[in-house]
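**Q** This is the structure I have questions about; it appears just below.
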Amino acid sequence: MALLNLPTLKTTKAPAAAKPAKAPKTGKRAGAAAAPEPIVLSAESVEIIGRELDAIRDRVVVDLGTADRDYILRVVRTQRRLELAGRGLMFLGFLPPAWLAGVAALSASKILDNMEIGHNVMHGQYDWMRDDMLHSSSFEWDNVCPSDQWRHSHNYMHHTYTNILDLDRDIGYGILRMEYEQPWNPLRLGNPVYAFALMMLFEWGVMLHDLEYDNVLKGKRKWTDVKGLVAGWWRKVRGQVAKDYIVHPALTGPLFPLTFAGNLTANLVRNVWAFSVIFCGHFPSGAQVFTQEETAEETRGEWYVRQMLGSANISGSPLMHLATGNLSHQIEHHLFPDLPAHRYPEIAVEVRRICEEHGLPYNTGPLWKQVGSVWVKMFRLALPLRPTPADSPAVIIERRKTPTAA
């Protein structure tokens, strides 16, 4: 069963190999007041890591089958039952307990659809099933962002150029300052405010992501470049708005305002949860960023190491992992974006062992800690502060003189 290949990153200029003692910086790290000497990862270790991770991937691909199919179909059935329960309870919305239960069921339904189903299916994790309902090319989710636009901005742009400045637009989503290398200006003082607005309206921010509005304002993108996007937005938004804010509220008759408020609340809950999970996986203390020069002509092993250093996990219960779409295992997701996400917990044990054997950090922590770390970072980067000693590289990669493309 063939899955998608790893993304390939190619640039025109490859940097020379670094000597262990004077290796070029591969990223920056936000952390405590002081930082230990960076770990120097040899070129040989990088290639060993690459081969070990390839072996893990190959083993999981060969093992895919009935159990994986049954798992995702169970999740789909659960999501649909939660949605039906939520919609049904809104007919009793005049009773506060029924309204609250309906909002909870609908929120859980939207979270499952967004995270464990939509996100993972559109990554092609279940394409091998040859099921149109769960195929990345035909799946559409309960979200205002058209699936084809999401696949481009996320699957291609983000997962190819993960944490590479000026290539990965997920670094700040075009409106936030998330790294010291991003220039500061007085508008950055609103960083926490912009982040809060993005969190509350996250599905709309995801929809606008492929627009690259900053390039539109600079004249780098013309109307001819974006009119197709706008047409896609109109088709998707009118259906989503009609479903949640017109049709279903109207079906409950005089309870229209209560149902409208319930649907709005469920969407807000989903938005806050998705924002928190995604930002915890990319921007907490310890996540590194990279330059285009440092990642030019990457080998497969170097691509793997960049994914590991630029990601962070969230520790928690199996239920929490399900609710995150297993993006609580963001390190494993960035390594293997097209493997079924429910396999990440078993893979994580081996990935952590590899990190320990090579002296690499394995960034993980409880949700409250990762969320707090992200918000502290956003407040700090709103100000024109200098990097602290802890913002030095956590890991320096020694590269080969003549790297081969991944």
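**Q** Please give the contour-minus-distance gain from Ala55 to Arg238: 0.36 nm per residue of separation, less the Cα-Cα distance, rounded to one decimal in nm.
**A** That pair, Ala55 and Arg238, stretches by 61.3 nm at full extension.
**Q** Send over the Kirkwood Rh of region 36-110, from the inverse of the averaged 1/r over different Cα pairs, rounded to one decimal Å.
**A** 16.5 Å is the Kirkwood radius here.
**Q** For region 135-235, what's the relative contact order in percent, using C-alpha pairs closer than 8 Å and at least 6 residues apart?
**A** 32
**Q** In terms of the Cα gyration tensor, with a ≥ b ≥ c the square roots of its eigenvalues, is region 213-322 rounded because a/c is under 1.5, prolate because a/b exceeds b/c, or oblate?
**A** Oblate is the answer for region 213-322, as a/c is 1.5 or above yet b/c matches or exceeds a/b.
**Q** Please enumerate, by chain and number, the aspartates and glutamates with C-alpha under 13 Å from the C-alpha of Lys220, excluding those fewer than 8 residues away in the same chain.
**A** Correct list for Lys220: Glu212.
**Q** Return the FRET efficiency for the residue pair Arg80, Ala197: r is the Cβ-Cβ distance, R0 is 51 Å, and the value is rounded to the nearest 0.05.
**A** Efficiency at R0 = 51 Å is approximately 0.95.
**Q** Still on this structure, I have one more. Let me know the volume per residue of the alpha-carbon convex hull for region 306-387, in Å³.
**A** Expressed per residue, the convex hull around the Cα atoms of region 306-387 is 113 Å³.
**Q** For every other residue with a beta carbon closer than 11 angstrom to the beta carbon of Asn313, add +1 if it is Lys or Arg and -1 if Asp or Glu, then tell me the sum.
**A** My count for the surroundings of Asn313 gives 0.
**Q** Then there is this: How would you order 353-362, 295-304, 85-94, 98-107 from highest to lowest mean count of nearby Cβ atoms within 10 Å?
**A** Output ranking for 353-362, 295-304, 85-94, 98-107: 295-304, 98-107, 85-94, 353-362.
**Q** Among Ile111, Leu189, Ile397, pick out the residue whose Cα is farthest towards the positive end of the charge dipole of the chain, where Lys and Arg carry +1 and Asp and Glu carry -1 on C-beta, about the Cα centre.
**A** Leu189
**Q** Have a look at Ala341, Leu309, Gly50 and report the one farthest towards the positive end of the charge dipole of the chain, computed about the Cα centre with Cβ charges (Lys/Arg +1, Asp/Glu -1).
**A** So the residue we want is Leu309.
**Q** Okay, moving on. Going from the alpha-carbon gyration tensor of region 172-251, what semi-axes, largest first and in whole Å, does one get by taking the root of 5 times each eigenvalue?
**A** Working through the eigenvalues yields semi-axes of 29, 19, 8 Å.
**Q** Distance in nm between label sites at Arg69 and Ala231, each 7 Å beyond Cα in the beta-carbon direction?
**A** Label at Arg69, label at Ala231, 3.8 nm between them.
**Q** Here's a follow-up. Per-residue ellipticity at 222 nm for the chain, helices alone: DSSP H runs ≥ 4 residues times -39500 (n - 2.57), over residue total, nearest 500 deg cm²/dmol?
**A** -14500 deg cm²/dmol
**Q** Separate question: In a Gaussian network model over the chain where Cα atoms closer than 10 Å are linked, find which of His333, His135, His154 has the largest mean-square fluctuation.
**A** Answer for the Gaussian network model of the chain: His135.
**Q** With all protein chains present and a 1.4 Å probe, how do Ser315, Ser276, Ser137 order by accessible area, largest first?
**A** Greatest to least solvent exposure: Ser137, Ser315, Ser276.
**Q** Could I ask something else about it? List the residues, sorted by chain then number, that are 5 or more residues from Ile39 or on another chain and whose placed amide H is less than 5 Å from its amide H.
**A** Val395, Ile396
**Q** Could you tell me the convex hull volume per residue, in Å³, taken over the Cα atoms of region 72-219?
**A** So the per-residue hull volume is 144 Å³.
**Q** How do 279-285, 145-151, 337-343 rank on mean C-beta neighbours within 10 Å, highest first?
**A** Descending mean neighbour count gives 279-285, 337-343, 145-151.
**Q** Which FRET efficiency value, to the nearest 0.05, do you get for Asp166 and Leu189 by plugging their Cβ-Cβ distance into 1/(1 + (r/R0)^6) with R0 = 25 Å?
**A** The value I calculate is 0.65.
**Q** Using alpha-carbon pairs under 8 Å, 6+ residues apart, how would you state the relative contact order of the chain in percent?
**A** 35
**Q** Between Ile48 and Glu357, what is the label-point separation in nm under the 7 Å Cα-to-beta-carbon projection?
**A** Roughly 0.8 nm, to one decimal.
**Q** Any idea of Glu212's accessible area? Nearest 10 Å², probe 1.4 Å.
**A** About 40 Å², ignoring ligands and nucleic acids.
**Q** Under 20 Å from a point 7 Å along the Cα-to-Cβ line of Val376: which residues of region 309-336 have their amide N that close?
**A** Once the point is set 7 Å along Cα→Cβ of Val376, 310-316 turn out to lie under 20 Å by backbone N, inside region 309-336.
**Q** Let me ask something else. What accessible surface, in Å², does a 1.4 Å probe find on Lys222, ignoring ligands, DNA and RNA and rounding to the nearest 10?
**A** The value for Lys222 is about 140 Å².
The values are calculated or read from the model by the stated rules, or taken from the named source; none is laboratory data. In this text, all values refer to a predicted model and were calculated from it rather than measured experimentally. Using ideal geometry, Cβ is built from the backbone for each residue, glycine included, and neighbour counts are taken over all protein chains shown. Surface areas here come from the heavy atoms of the whole protein model, side chains and all, with no ligands, DNA or RNA. Shrake-Rupley method; radii C 1.70, N 1.55, O 1.52, S 1.80 Å.
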